[in-house]
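I have a structure I would like to understand better, so I am pasting it below and will then ask my questions one at a time.
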Amino acid sequence: MKIIYQQVIAFFAVITLTILLLGFSFSRLAKSFVYDTTWSRLENYSDSVVEQSLQTKNNKVTFNPTSLSTTEGILNGQDSDFTMYAPSKKAFYPQGNKNSTIAANDWKRLKKGQMIRKVNRGNEIDKHQSKKRSEMVEILKPYYYQKKLVAVVAVGTYTSELEANLSRINSNLILALILSLIVSLIISFAFAHRLNRRISVLRDAVNQVIQGHYKIRLQSGNRDEIDDLTNDFNHMTDTLENADSEIKRQEERRQEFLADAAHEMRTPLTTINGILEGFKYGVIPEDSRDKSLNLMMSETQRLIRLVNENLDYEKIRSKSIKLNRTHFNATDVLYQLQEQLSGKAQASNDEIIIKAPDKLPIYADYDRFVQVLVNIITNGIQFTDNGTITVTAKRENNLDVFDITDTGIGMSEEQMKNIFERYYKADASRRSGKYGESGLGLAIVHQLIEQHGGTIKVVSKLGKGTTFSLTFPNEDNYPK
Ligand SMILES: Nc1ncnc2c1ncn2[C@@H]1O[C@H](COP(=O)(O)OP(=O)(O)OP(=O)(O)O)[C@@H](O)[C@H]1O
Ligand SMILES: [Mg+2]
């Protein structure tokens, strides 16, 4: 069943039940109120009948018939009448009413001084009146003089008027019930309709998402659960949109890499193939053989490096390598690297400068630490001609901090964004560099530093130079 109908039915059922219960108890209350006031009125009549007519003489009690008949006239005007009984149970007023009797049970209670409230139906009426009326409300009240029962007064009135009042109240109630049911039906329908519309909007939006439109966002008023759901939906489309663009980016990068890798591999493979053919057909002169073999070897090494770095990156990324951390002096490593890379630096007319304290204890995987610094310093050399690559190392709080600054070509903001991505090269013109760039160096560095619990940041200015800042936490702060 549609939610709209479920809601209308539920709403309607609750309201109907509430109104019925209220109506029922109100009708009961009205009825008992009407009867109570009638009984009190009759009691007042009875008191005034006795007050007006009671006469005492020598301790003898009589009732003045003239007063009684005056009161009777007044009461008749009120659509009520009364009968007076002597202690002997006999009715003595009005005269023609001698047959009226009081039931033995009632009489017992009257003698105990209790007043009786009654509603007489059907036949009982005939005892008091020859006129047939539907129902009579009556009280019987005993009166005492000097602790002796002197009379019982029965005052009655016909219920037709009461009933008319009650049925008017009831019919008003029914009208109110019907009206409120109609109003509640309209309100519940309007509510359900509104809710339904809001759900439909969400559903349409979800369908759009299914069709791949992740840009869709819905307005939320932050009022209720549907708004919460809308917020969650917006959050979801945010995430989906980001994930989607990330996937697209990755895919572009992958395609770029495939093209790059194919390109990178084709050059050494073509070279190797050419040399091999030369050997086969004996066209390589004897004195060039060594040169050709060396060329073949360096090209093969280039290929091996490309393959190895890819494998290495995957291993690090999937966390399947284990860091073998040891304590050593980082400054020693820096000077070794200065020595080791000086050849490359000189080829670009660069100078490597080390600024470090004599002792800079570090707790890291030695080989991986060397790998990180070689990568970054090599990049510096690669992108700097006739400049300097300065490595500053220091201990700051609980961190070993290394800043590698070059005075090279630098990068734009846009280029810096992606340098830690695999296969990324800031621009195509940088591809055919001296050291066989595959765009994997910084991606590997980034993963390695992350696994050491450290950080890497880059600041660069196009044409001015670049600084990479690395931190390595000391032993106490390593991730467990
Ligand atoms: N010091 C630097 N100055 C200017 N650009 C840099 C510097 N370091 C990195 N880059 C840019 O970031 C890109 C990614 O660097 P990364 O080291 O990951 O790859 P690569 O040096 O091109 O290849 P690989 O290091 O795998 O041989 C580089 O291609 C270059 O465009
Ligand atoms: Mg590099």
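What is the order of ASP287, ASP204, fewest Cβ neighbours within 10 Å to most?
ASP287, ASP204
Residue-wise, which Karplus ³J(HN,Hα) couplings in Hz belong to the range 192-203, taking 6.51 cos²θ - 1.76 cosθ + 1.60, θ = phi - 60°, and x for glycine or proline?
4, 5, 5, 4, 4, 5, 5, 5, 4, 4, 4, 5
For GLU413 and GLU339, what is the calculated FRET efficiency with R₀ set at 30 Å and r taken between the beta-carbons, to the nearest 0.05?
Approximately 0.30, to the nearest 0.05.
Compute the helix-to-body angle for 3-53: its Cα long axis versus the longest principal axis of the chain, expressed 0 to 90° and rounded to tens.
Approximately 30 degrees, to the nearest ten.
Beyond a 22 Å Cα-Cα separation, which of these cross-linked pairs lie in this structure: LYS89/LYS112; LYS322/LYS457; LYS215/LYS461; LYS355/LYS457? List each step's numbers first, then the result.
Details: LYS89/LYS112 14 Å; LYS322/LYS457 24 Å; LYS215/LYS461 34 Å; LYS355/LYS457 19 Å.
Violating the 22 Å limit, Cα to Cα: LYS322/LYS457; LYS215/LYS461.
Helix 225-280: angle to the longest alpha-carbon principal axis of the chain, degrees 0 to 90, nearest 10?
For 225-280 against the chain, the angle is about 20 degrees.
At what distance in nm do the modelled label points of LEU269 and HIS193 sit from each other, each positioned 7 Å from its Cα along Cα→Cβ?
Roughly 7.0 nm, to one decimal.
Determine ³J(HN,Hα), in whole Hz, for all residues of the range 75-89 in sequence, where each value follows from phi through the Karplus function 6.51 cos²θ - 1.76 cosθ + 1.60 and θ = phi - 60°; x replaces Gly and Pro.
So the Karplus estimates, Gly and Pro as x, are 5, 4, x, 8, 6, 10, 9, 9, 10, 10, 10, 7, x, 7, 6 Hz.
What is the order of THR157, THR455, fewest Cβ neighbours within 10 Å to most?
THR455, THR157
Continuing with this model, one more query. Sequence-distant or interchain residues sharing an amide H contact under 5 Å with TYR145, placed H: which?
VAL150
Could you bin all the Cα-Cα distances of the chain into 20 Å bins starting at 0 and give me the percent of pairs in each, rounded to whole numbers?
It works out to 16, 23, 14, 11, 10, 14, 11, 2, 0, in whole percents.
Going through the range 288-350, which trypsin sites (Lys or Arg not before Pro) have at most 16 other Cβ atoms within 10 Å and a DSSP loop state?
For trypsin sites (Lys or Arg not before Pro) across the range 288-350 that sit outside H, G, I, E and B with at most 16 neighbouring Cβ atoms in 10 Å, the list reads LYS319, LYS322.
Using Cα pairs closer than 8 Å and at least 6 residues apart in sequence, work out the relative contact order for the chain, in percent.
Relative contact order, the chain: 10 percent.
Work out the FRET efficiency for VAL119 and ILE178 from their Cβ-Cβ distance, taking R0 = 22 Å, and round it to the nearest 0.05.
Values: r = 30 Å, r/R0 = 1.37.
Using R0 = 22 Å, I get an efficiency of 0.15.
Now for a separate question. Can you give the FRET efficiency for TYR281 and GLN301, using 1/(1 + (r/R0)^6), R0 = 30 Å, r = Cβ-Cβ distance, to the nearest 0.05? Could you put the intermediate results ahead of the total?
Values: r = 25 Å, r/R0 = 0.85.
Efficiency, from the Cβ-Cβ distance: 0.75.
In bins 10 Å wide, starting from 0, what share of all Cα pairs of the range 3-165 does each bin hold, as a percent?
Binned Cα distances yield the sequence 9, 33, 28, 12, 7, 6, 4, 1, 0.
Suppose only helical runs count, i.e. DSSP H with n ≥ 4. What mean residue ellipticity at 222 nm does that imply for the chain under -39500 (n - 2.57) per run, divided by all residues and rounded to the nearest 500 deg cm²/dmol?
Counting only the DSSP helices, I get -19500 deg cm²/dmol.
How far is it, in nm, from the label point at LEU311 to the one at SER32 when both lie 7 Å from their Cα along the line to the Cβ?
It is 9.5 nm.
If you line up the Cα atoms of the range 225-302 on their principal axes, what length do they span on each, largest first, in Å?
Extents along the principal axes, in whole Å: 85, 17, 10.
Could I ask something else about it? So if each residue of separation counts as 0.36 nm, and I subtract the Cα-Cα distance between GLU252 and ASN207, what length gain in nm does that give?
Roughly 13.5 nm would be gained on extension.
Here's a follow-up. Specify whether the C-alpha gyration tensor of the range 306-411 places it in the rounded, prolate or oblate class, a ≥ b ≥ c being the square roots of the eigenvalues: rounded for a/c under 1.5, otherwise prolate if a/b is larger than b/c and oblate if not. Intermediate results must be reported in sequence, preceding the final value.
Values: a/c = 2.01, a/b = 1.18, b/c = 1.70.
Oblate, because a/c is 1.5 or more while a/b does not exceed b/c.
In addition: How far apart, in nm, are the 7 Å Cα→Cβ label points at LYS215 and ASP79?
8.0
Further question on the same structure: Across the range 378-391, in residue order, what do the Karplus-derived ³J(HN,Hα) couplings come to in whole Hz, using 6.51 cos²θ - 1.76 cosθ + 1.60 with θ = phi - 60° and x for Gly and Pro?
Working through the residues one at a time gives 4, 4, x, 5, 4, 9, 10, 10, 6, x, 10, 10, 9, 10 Hz.
At 0.36 nm per residue, and after removing the present C-alpha to C-alpha distance, how many nm does the segment from SER69 to SER88 gain when stretched out fully?
4.7 nm
So who's got an amide H within less than 5 Å of the one on TYR93, skipping anything under 5 residues away but keeping other chains? H placed 1.01 Å off N, in plane.
Amide H neighbours of TYR93: MET84.
Long-range amide H contacts for ALA364: which residues qualify at under 5 Å (H placed 1.01 Å from N, peptide plane, sequence gap of 5 or more or a different chain)?
THR326, PHE328
Read-outs throughout are calculated quantities, based only on the coordinates presented, and are distinct from any laboratory measurement. Keep in mind that what you see is a predicted model, and the values were worked out from it rather than measured. Ideal geometry is used to build each Cβ from the backbone, glycine not excepted, and the neighbour counts take in all protein chains shown.
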